[in-house]
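Accompanying notes for the structure given below.
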Amino acid sequence: MKPFSTRPRLRRTASALLLAGVLGSAELVYPQDARNRGDQNASTGPTLELLPVRGNVSMLAGAGGNITVQVGNDGVLLVDSGAAGMSDKVLESIRTVSKGQVTYIVNTNDRSDHVGGNANFARIGRPLAIARAAQARVFIVGFSSILERMSDRNAAPPVPEQAWPNDTYSGAQKNLSFNGDGIQIFHQSATTDGDSIVLFRRADVIAAGDIFDPTEYPIIDLKSGGSFAGVLEGLNRLRQMAIPADHMEGGTMIVPGHGRLSDVGDLDIYHQMVTIVRDRLQDMIKGGMTLEQVKAARPTRDYDPLYGHNTGSWTTDMFIEAAYRSLTTQRDTSGRASN
């Protein structure tokens with residue numbers, strides 16, 4: 001069996017052409033700071049950068065996971081809150097565009113670099129007039145399974161109660177009207193079973209969370225219900241939601257979980273890589289290869305210069321192992337890997 005066989009052949013050729021054009025500028029396009037994970041210390045962490053995206057929506061980079069910031073007469077809405085140690089710098093950056101209270105935080109997942117600032121924002125400000133009974137200082141929106149994990153008393157380390165979502169949803173989506181825009185929050189089981197995609201309808205901006213992270217291979221958190229099929233489904237969904245402008249550039253802007261501000265062209269390159277890697281792994285599994293044999297065959301080697309990591313919280317080996325186990329459990333009774 002050829003370890004790098006995939007289908008169709010045209011897809012492999014197109015990928016190689018795309019990769020050749022991108023590898024030379026990988027460090028320029030995706031700076032090392034954008035790859036940082038976990039809690040960061042405010043005194044040693046990278047400098048934050050607030051980038052206007054469109055209308056009243058901006059992207060705040062450098063605080064852990066990217067933070068989407070929407071401001072207006074109703075206050076401030078954040079998609080994710082960054083790492084805990086960066087909250088003071090995050091607030092300082094927000095104050096350059098708005099003096100309003102942080103009213104909403106929408107969490108796209110429950111990793112610490114996306115929810116770490118929840119508790120800090122929940123402690124500042126005054127109780128919201130629209131939440132007098134609860135005396136809430138901020139509404140933290142998240143899918144119900146995120147609350148279940150964050151409120152688990154056996155969690156290590158434990159998550160403070162102030163950081164827990166207090167405005168959960170359990171259906172397919174949740175809608176908000178805030179600062180003159182319709183905001184749609186879509187549930188998507190992908191890197192975990194509780195991921196969310198956030199669409200700002202008027203601004204035409206999508207906050208994708210870690211479903212789309214062009215700085216590394218997609219996270220597949222099996223313990224939290226993540227799956228390879230879910231990640232690919234999430235990327236397909238993003239492609240359906242985002243509308244490109246001329247020659248696949250511009251149009252809907254996408255704030256990824258980490259890395260630079262993106263558009264449909266960037267999303268397509270990443271989606272193609274994930275699809276090709278999935279096809280390669282499925283062929284290897286169908287051929288009876290063990291996990292160790294798959295790792296030795298290096299099915300991601302042509303993409304590793306751009307997306308691979310040998311150290312850190314999500315290495316290439318960790319991705320291959322999680323992807324292999326996810327695809328193996330999805331095999332049907334006939335022995336074929338699911339699509």
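The table for this structure:
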read-out	value
FRET efficiency estimate (nearest 0.05) - Cβ-Cβ, residue 126 to residue 173, R0 35 angstrom	0.70
Cβ-Cβ FRET estimate between residue 240 and residue 153, R0 fixed at 30 Å, reported to 0.05	0.15
Extension gain from residue 296 to residue 91, taking 0.36 nm per residue of separation minus the Cα-Cα distance	69.2 nm
Bins of 10 Å, starting at 0 and running to the largest distance - Cα pair percent for segment 212-274	22, 54, 21, 3, 0
Protein-only accessible surface order, largest first, of 271, 247 at 1.4 Å	247, 271
Descending semi-axes in whole angstrom, ellipsoid equivalent of segment 62-155, from the Cα gyration tensor	20, 17, 11
Heavy-atom accessible area ranking, 1.4 Å probe, most first, across 168, 315, 191, 96	96, 168, 315, 191
Principal axis dimensions, largest first and in whole angstrom, of segment 146-259 by Cα	51, 34, 24
Whole-Å distance, taken between Cα centres, linking segment 216-293 and segment 75-143	29
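The values are calculated or read from the model by the stated rules, or taken from the named source; none is laboratory data. Since this is a predicted model, take the numbers as computed values, not measurements. Note that we place each Cβ from the backbone using ideal geometry, even for glycine, and neighbour counts take in every protein chain shown. Keep in mind that these areas ignore ligands, DNA and RNA; they rest on the heavy atoms of the full protein, side chains included. Shrake-Rupley method; radii C 1.70, N 1.55, O 1.52, S 1.80 Å.
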